[in-house]
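The values are calculated or read from the model by the stated rules, or taken from the named source; none is laboratory data. If you're wondering where the values come from, they're calculated on a predicted model, not measured in any experiment. Methodologically, a virtual Cβ is constructed for each residue, glycine included, from the backbone with ideal geometry; neighbour enumeration extends over all protein chains shown.
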């Protein structure tokens with residue numbers, strides 16, 4: 001599940017359409033997750049935005065087997081940010097477990113995502129079995145780089161919305177998830193770049209420096225062209 005509905009106010013650009021090596025970030029992310037999941041749900045902020053994202057995916061992944069596994073959803077409850085996105089995505093998805101991530105992880109590791117799936121799916125009865133969440137050394141949870149028991153998380157997000165709760169940690173607290181120290185994931189991603197996200201221009205410049213090829217911003221006029229039939 002890729003949450004792509006944010007407004008990117010701090011960055012000043014639509015994160016999904018940032019180009020790395022000539023391909024929008026949303027396509028890189030979708031292709032990576034298709035390696036470890038049967039389907040990828042891209043959650044947009046509204047139906048029109050979902051249409052734009054679908055056009056971009058179709059344009060840049062036309063010959064890929066992965067594109068047929070990408071489906072789209074959008075927030076049905078405006079103003080609730082990631083909680084609404086998670087709710088919409090969990091409702092659309094069909095698997096027992098779902099991996100949730102934002103659209104702005106240029107170095108997202110399929111190996112890490114796959115490992116989190118394995119941990120969640122093979123938990124013993126005495127262990128927490130409703131998900132697997134990475135935890136940073138200071139105790140900070142990574143709720144948007146996490147595997148959830150889909151139906152449980154959908155229900156928890158629905159309750160959070162009814163209670164007016166916009167923080168992702170609210171529904172997360174309702175689930176008996178396994179806490180995974182990020183250092184245990186280093187054998188799969190030595191620098192833990194899978195957690196590196198794009199919030200500011202400085203983040204984008206660092207990502208450009210780390211990326212093996214060049215990157216650029218996907219021009220707005222091209223987005224308008226892709227979205228022509230949705231205007």
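Being in contact with a strand residue (DSSP E or B) (Cβ under 9 Å, 6 or more places away or on another chain) and crowded, with 17+ Cβ neighbours inside 10 Å is the filter here; which residues of the stretch 179-191 pass it? Passing the criteria: 180, 182, 185. Scanning the stretch 21-70 for residues that are under 20 Å from residue 154 (Cβ atoms), out of contact with any helix residue (DSSP H, G or I) (no Cβ under 6 Å at 6 or more places or on another chain) and surrounded by 15 or more Cβ atoms within 10 Å (Cβ to Cβ) gives 33, 37, 45, 50. Go through the residues of the stretch 155-167 one by one and say whether even a single one is exposed (fewer than 15 other Cβ atoms within 10 Å of the Cβ), closer than 30 Å to residue 191 by Cα and at pLDDT 95 or above. No, because not a single residue in the stretch 155-167 is exposed (fewer than 15 other Cβ atoms within 10 Å of the Cβ), closer than 30 Å to residue 191 by Cα and at pLDDT 95 or above. Looking only at the stretch 133-164, which residues are out of contact with any strand residue (DSSP E or B) (no Cβ under 9 Å at 6 or more places or on another chain), closer than 19 Å to residue 102 by Cβ and in a loop (DSSP other than H, G, I, E, B)? Across the stretch 133-164, the qualifying residue is only 140. Scan the stretch 165-176 for residues that are under 18 Å from the mean Cα position of the chain (by Cα) and part of a loop (DSSP other than H, G, I, E, B) and the total you get is 3.
Strands (runs of 3 or more DSSP E) wholly in the stretch 1-87 with at least 2 residues that are over 20 Å from residue 98 (Cβ atoms) and in contact (Cβ under 8 Å) with a residue 12 or more places away in the chain - which ones? Talk me through it step by step, then tell me what you get.
Working: elements: 18-20, 40-44, 70-74.
Of the strands (runs of 3 or more DSSP E) lying wholly inside the stretch 1-87, those with at least 2 residues that are over 20 Å from residue 98 (Cβ atoms) and in contact (Cβ under 8 Å) with a residue 12 or more places away in the chain span 18-20.
Screening the candidates 88, 101 for the property of being within 22 Å of residue 207 (Cβ to Cβ), crowded, with 20+ Cβ neighbours inside 10 Å and either in contact with a helix residue (DSSP H, G or I) (Cβ under 7 Å, 6 or more places away or on another chain) or at pLDDT 95 or above (or both) yields one hit, 101.
Quick one: would you say residue 118 is without any contact (Cβ under 8 Å) to a residue 12 or more places away in the chain and either surrounded by 18 or more Cβ atoms within 10 Å (Cβ to Cβ) or assigned to a helix (DSSP H, G or I) (or both)?
Details: without any contact (Cβ under 8 Å) to a residue 12 or more places away in the chain: yes; either surrounded by 18 or more Cβ atoms within 10 Å (Cβ to Cβ) or assigned to a helix (DSSP H, G or I) (or both): yes.
When the stated conditions are applied, residue 118 passes them.
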